[in-house]
């Protein structure tokens, strides 16, 4: 994060997200993570806040069965990582794994019963 103000803002997002999760308010959790991801992207740095926000939002979408939305978020994170870290970085591999797992899960859940 760039400044103390950015870090304080990130902490407020994290606390609000935790409260929403405890209350099982997925709509609010989704909004908080979306706001956190947008803010992290505005800052323009690839750091833990951007990656965590994106992966958490995508995981929430997966939990809700919104695989297309999860895939879009995973791709945003993956593109940022590839651009900044290069395609051979372990974090890029981790994100690729999440993209593949999401796609496989969507195919399995949407497959007709035999």
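Values in this text are rule-based calculations from the coordinates and carry no lab data. For clarity, every value in this text was computed on a predicted model and none was experimentally measured. Every residue, glycine as well, gets a Cβ built from its backbone with ideal geometry; the counts of neighbours run over all protein chains shown.
Listed values, structure above:
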item	result
Modelled FRET efficiency - R0 41 Å, residue 104 with residue 8, Cβ distances, 0.05 increments	0.60
Inter-site label distance for residue 79 and residue 26 at 7 Å from Cα along Cβ, in nm	2.6 nm
Protection proxy ranking of 12-19, 50-57 - average other beta-carbon atoms within 10 Å, highest first	50-57, 12-19
Per-residue [θ]222 nm for the chain (sum of -39500 (n - 2.57) over DSSP H runs n ≥ 4, rounded to 500)	-28000 deg cm²/dmol
Sorted peptide list for 93-101, 26-34, criterion being average Cβ within 10 angstrom, highest first	26-34, 93-101
The stretch 31-88: radius of gyration over Cα atoms, expressed as a fraction of 2.2 N^0.38 Å	1.07
Using a Förster distance of 22 Å, the FRET efficiency for residue 19-residue 59 (Cβ separation, nearest 0.05)	0.80
Scaled radius of gyration (Cα, divided by 2.2 N^0.38 Å) that the chain gives	1.12
